Each structure stands twice: as structure tokens, then as C-alpha cells.
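Quick notes on the structure that follows.
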Amino acid sequence: MSTPYINKEVDGDKSSDVVWHQTAVSHDARVKLNGHKPAVLWFTGLSGSGKSTVANAVDYMLHELGAKTYVLDGDNIRHGLNGDLGFSDEGRVENIRRIGEVSKLFVDAGLLVSSAFISPFNADRQMVRDLLAEGEFIEVFIDTPLAVCEQRDPKGLYQKARAGEIKNFTGIDSAYEAPISAEVIVKTADLSIEECAQQVVQYLKQQQYI
């Protein structure tokens, strides 16, 4: 039986009677209908680096090209699905675990999904990569220096973090681990948003996703 998940032994209070229900429309059929390869574009970087802005610009360009897409934004997800999570290390790990599973479902549906999350830890990003098949996870590092992000401070969060009003803020009193081997590295301090988005779309074209 085909399933995007790895079968695991379940224990504790989880039911052992949960069985993957095979849908009538297969993953391959959805991919064929969409006319392009599915993948997660995982945008990672500091707050204020431009993750959401670039992700939305990429999404718009892909939509104009006729691709089936969706954007999963960190703030938006915390308004709903992950509204119960805090910003401790444990909360951040669970935040990424959940969105990794959601992203996997979008890929199973054949979409190019842009996920814009700080996702500060290499291990957590690797966890999401491991959920997906080879080539279905594309790490996009929005490589913007902390000083630039802090100068932008679009939500006033760095100012609050420096004043001690926000704890566990990435880049100030919580670590950010830069990607080791991201597929795409984007420097928003040096390029326009359109140029940054074009860089990501060009990668997809070169690797024959679209």
C-alpha cells in the first residue's frame, strides 16, 4: 500500500488501529495533472531577513507560470494550527515538526509549497528533509546579516528583544544555526525582492522542477 509516511510501531495512548487510507487519485496522477514536480521550498533565516516577502514573490512568479502552489507562513500558522505553541526550544521544534508534516501533505498533492519559517536549528530542518523523498526538499537560506535585519525590524521585535520584553528571540538570546549546504542562498541585502525571487525560480527551472 502506497503511503507518504513510514510505518511505525505505535505505543502509549496512540491507537494501533490507525491504517493509511489509500485515495482513489494517486500522487503520480496529481503530479501529472499539475505538469511539474512537487517540492517544499523551505525558506529559512532570521526575523526580518525577508523570508515571507521572497516566498510570496516566488509564489506569485510560479503562479504566473501556471504552477500549482501554496505559501505556508510562520506567523500565519501560529494564528491557527500552531497557536498553542510557545517560543521555547521545545516549542520551536514542535512548530517545525507540525509544519513539516503539513508540507509533506502539500507535496503529496503535487504542489510546489513555499514554507517561510525562521526554523533556527539545523536538526529540525534536516528532520523535515528526511520526511520527504530525494529532491522534494529545497532549502532556501535567506542570508541576511543580523545588523540588517535589526535595522529593518519591520515588527519592532528586535527593539523589544533588546529591551528584554521578548525572551528566546532568535539572533538575540536564542541561537540561529545557518544552513550548512542550502540548495539556494539568497542575499536580500544585496538584491531586490524580484531578483531574489528570480534566483529561486531559476533554480527550479535549471533543476527541471518546472
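State which residue is nearest to residue 195 (Cα to Cα) when the search covers only the range 43-97 and only residues that are at pLDDT 70 or above, touching a Lys or Arg at 6+ places or on another chain (Cβ under 8 Å) and outside any loop (DSSP other than H, G, I, E, B). So the residue we want is 43.
For the range 98-143, the set of residues classified as at pLDDT below 95, of a type in the set (Phe, Trp, Tyr) and within 19 Å of residue 180 (Cα to Cα) consists of 117, 121, listed by residue number.
Among the residues of the range 27-42, is any of a type in the set (A, V, I, L, M), open to solvent by less than 100 Å² (accessible area, probe 1.4 Å), within 19 Å of residue 209 (Cα to Cα) and modelled with pLDDT under 95? Yes.
Counting only helices (runs of 4 or more DSSP H) that sit wholly inside the range 99-210, those with at least 3 residues that are open to solvent by less than 40 Å² (accessible area, probe 1.4 Å) and in contact (Cβ under 8 Å) with a residue 12 or more places away in the chain are 122-131, 193-206. Among residues of the range 48-67 being polar (S, T, N, Q) and touching a Cys at 6+ places or on another chain (Cβ under 9 Å), the one that is surrounded by the fewest Cβ atoms within 10 Å (Cβ to Cβ) is 53.
The values are calculated or read from the model by the stated rules, or taken from the named source; none is laboratory data. Because the structure is predicted, anything quoted here is derived from the model rather than measured. Note that we place each Cβ from the backbone using ideal geometry, even for glycine, and neighbour counts take in every protein chain shown. Protein only, heavy atoms only, side chains kept; ligands, DNA and RNA dropped before computing areas. Shrake-Rupley method; radii C 1.70, N 1.55, O 1.52, S 1.80 Å.
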